[in-house]
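Q: If you scroll down you'll find the structure; I have some questions about it.
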Amino acid sequence: MKTPGEVLREGELEKRSDSLFQLWKKKRGVLTPDCLSLFPAGPGARPKELRFHSILKVDCVERTGKYVYFTIVTTDRKEIDFRCAGESCWNAAITLALIDFQNRRALQDFRSRQERAAPAATPEPQTARAP
């Protein structure tokens, strides 16, 4: 089982800015079982965390000669565009980590529903009747 702080992948990817010119900015990505952290190029800058509980899917994968372009869609329908070197496979690593996170969450939800339902499903003991 993966631990929350375990680094699954680390390396460079680029994020399209939300500015008017939509420039690609290099980021150092750190992928863990619970989130994708994006560190800006500048020293001492705080990372931006994309936690998997707020990510809906990885979408729009397109491969060109040099790059793979993909979009992360959040639960509030915000789209964040990324690109990475074709051989780096960041999109696949993020997708697999997201699926693993969603499976773990579904299993936890299922177990908690079973635990809540268990007391109601337990039959009451029968008392003996007198002849």
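Here's the yes/no breakdown for (1) among the hydrophobic types (A, V, I, L, M, F, W, C); (2) part of a strand (DSSP E or B); (3) out of contact with any strand residue (DSSP E or B) (no Cβ under 6 Å at 6 or more places or on another chain); (4) within 26 Å of Ala106 (Cα to Cα):
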site: Gly5; (1), (2), (3), (4): no, no, yes, yes
site: Phe21; (1), (2), (3), (4): yes, no, yes, no
site: Glu49; (1), (2), (3), (4): no, yes, no, yes
site: Val61; (1), (2), (3), (4): yes, yes, no, yes
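Q: Just to be sure, is Arg63 under 19 Å from Arg28 (Cβ atoms) and open to solvent by 50 Å² or more (accessible area, probe 1.4 Å)?
A: no
Q: Now, a different point. Sort out which residues of region 41-55 are more than 15 Å from Ala93 (Cα to Cα) and either open to solvent by less than 80 Å² (accessible area, probe 1.4 Å) or modelled with pLDDT of 90 or more (or both), and write them in order of number.
A: Within region 41-55, Gly42, Ala45, Pro47, Lys48, Glu49, His53, Ser54 qualify.
Q: I'm trying to understand the selection: among the residues of region 9-40, which are under 15 Å from the mean Cα position of the chain (by Cα) and either open to solvent by less than 60 Å² (accessible area, probe 1.4 Å) or among the hydroxyl-bearing types (Ser, Thr, Tyr) (or both)?
A: Within region 9-40, Gly29, Val30, Leu31, Thr32, Pro33, Asp34, Cys35, Leu36, Ser37, Leu38 meet the criteria.
Q: May I ask you to verify whether Ala106 is in a helix (DSSP H, G or I) and under 18 Å from Glu12 (Cβ atoms)?
A: No; evaluated as a whole, the condition is false for this residue.
Q: Another question, then. Quick one: how many residues across region 82-91 are touching a residue at least 40 places away in the same chain (Cβ under 8 Å) and either outside any loop (DSSP other than H, G, I, E, B) or open to solvent by 80 Å² or more (accessible area, probe 1.4 Å) (or both)?
A: 5
Rundown of residues vs (1) touching a Cys at 6+ places or on another chain (Cβ under 9 Å); (2) in contact (Cβ under 8 Å) with a residue 40 or more places away in the chain; (3) not in a strand (DSSP E or B), yes/no style:
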{"position": "Glu14", "(1), (2), (3)": "yes, yes, no"}
{"position": "Lys57", "(1), (2), (3)": "no, yes, no"}
{"position": "Tyr69", "(1), (2), (3)": "yes, no, no"}
{"position": "Ile80", "(1), (2), (3)": "no, yes, no"}
{"position": "Ala93", "(1), (2), (3)": "no, yes, yes"}
{"position": "Leu98", "(1), (2), (3)": "no, yes, yes"}
{"position": "Glu115", "(1), (2), (3)": "no, no, yes"}
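Q: Would you check if Asp81 is farther than 27 Å from Asp109 by Cα and not small (Gly, Ala, Ser)?
A: yes
The values are calculated or read from the model by the stated rules, or taken from the named source; none is laboratory data. These figures come from a predicted structure and were not determined experimentally. Heads up, the Cβs are rebuilt from the backbone with ideal geometry, glycines too, and the neighbour counts pull from every protein chain shown. For the accessible areas, the whole protein counts, side chains as well, though only heavy atoms, and no ligand, DNA or RNA atoms are used. Shrake-Rupley method; radii C 1.70, N 1.55, O 1.52, S 1.80 Å.
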